[in-house]
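One structure is given here, and the rest of the page talks about it.
The values are calculated or read from the model by the stated rules, or taken from the named source; none is laboratory data. Keep in mind that this is a model prediction, so the values were computed, not measured. We place every Cβ from the backbone using ideal geometry, glycine too, and count neighbours over all the protein chains shown. Just so you know, the surface numbers come from the protein's heavy atoms only, side chains and all, with ligands and any DNA or RNA stripped out. Shrake-Rupley method; radii C 1.70, N 1.55, O 1.52, S 1.80 Å.
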Amino acid sequence: ISAYVEGSSYNKAIALYNGTKHAINIADYALGIQRNGEGDFVNYWQLPDDVLQAGDTYIIVSSSCDEGSALRQYADAFIPSLETSPLNFNGNDAIALYHNRILSDVVGRVGSVENWGKDITLYRSPATLGPTTEYNELQWQQAPKDDFAQLRSHTMQGVTDTPTLV
C-alpha cells in the first residue's frame with residue numbers, strides 16, 4: 001500500500017506500488033477492512049485480472065467519489081462504496097492487502113478506534129522497502145485532505161526480488 005486517501009465525502013482511495021523487478025498479476029491480491037478497530041478484516045475485494053509492471057502504481061478509487069474530484073483521473077479501478085466496500089473507511093478503519101489470502105500489508109492501527117487517518121492523505125515513505133503487517137506511522141508521510149499529487153509518483157530507495165506489492 002503506497003498511499004491512503006481519506007478525503008472529503010467519498011473521495012477515498014488506496015494506491016498499490018510494484019517495487020519489484022517483476023511484473024505482478026494483481027488478481028492474486030485483495031483488499032480488506034477492519035471496521036472501527038474491531039474484529040477481523042472483512043469486505044474483501046479481489047483485484048481484477050490485470051498485470052502491474054515493475055515500478056508502476058495501481059490506484060483503486062471509491063465509485064462514489066465526487067464527480068468533479070481530481071481523484072477520478074487517477075483511478076485504475078473503481079469499486080463500489082457500499083457498506084460492504086473496503087473503501088468505505090472513515091479514519092479509524094485499518095486497511096489490509098492480502099496476497100493469495102495471506103495478510104501482506106496494512107495501513108492503520110489494527111484493533112484501535114483512534115482516528116489515526118481521518119481527513120488526510122498518507123504516502124508511504126520511499127525508505128520503506130516492502131510490505132509490513134504492522135502499521136508504523138514513521139513509514140508514512142502525511143499530506144492534507146484531498147491531496148492526490150503523489151498518487152502515481154511513489155518510489156522506493158531499493159528494489160526487491162520478492163514479487164509482492166506495497
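Key figures
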item: Residue that is in a loop (DSSP other than H, G, I, E, B), in contact (Cβ under 8 Å) with a residue 24 or more places away in the chain and open to solvent by less than 10 Å² (accessible area, probe 1.4 Å), where the choices are 112, 85, 64; result: 85
item: Wholly enclosed strands (runs of 3 or more DSSP E) of the stretch 1-58 bearing at least 3 residues under 24 Å from residue 129 (Cα atoms); result: 3-6, 12-17, 29-34
item: Options 75, 70, 54, 13; residue that is touching a Phe, Trp or Tyr at 6+ places or on another chain (Cβ under 8 Å) and closer than 20 Å to residue 124 by Cβ; result: 13
item: Of all residues in the stretch 21-61 being more than 15 Å from the chain's Cα centre (by Cα) and at positive phi, the one that is surrounded by the fewest Cβ atoms within 10 Å (Cβ to Cβ); result: 39
item: Test result for residue 10, buried (at least 16 other Cβ atoms within 10 Å of the Cβ) and either among the aromatic types (Phe, Trp, Tyr) or under 13 Å from the mean Cα position of the chain (by Cα) (or both); result: yes
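Here is a yes/no grid of residues against (1) of a type in the set (D, E, K, R); (2) modelled with pLDDT under 95; (3) within 17 Å of residue 57 (Cα to Cα):
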site: 76; (1), (2), (3): yes, no, yes
site: 82; (1), (2), (3): no, yes, no
site: 88; (1), (2), (3): no, yes, no
site: 107; (1), (2), (3): no, no, yes
site: 113; (1), (2), (3): no, yes, no
site: 117; (1), (2), (3): no, no, no
site: 121; (1), (2), (3): no, no, yes
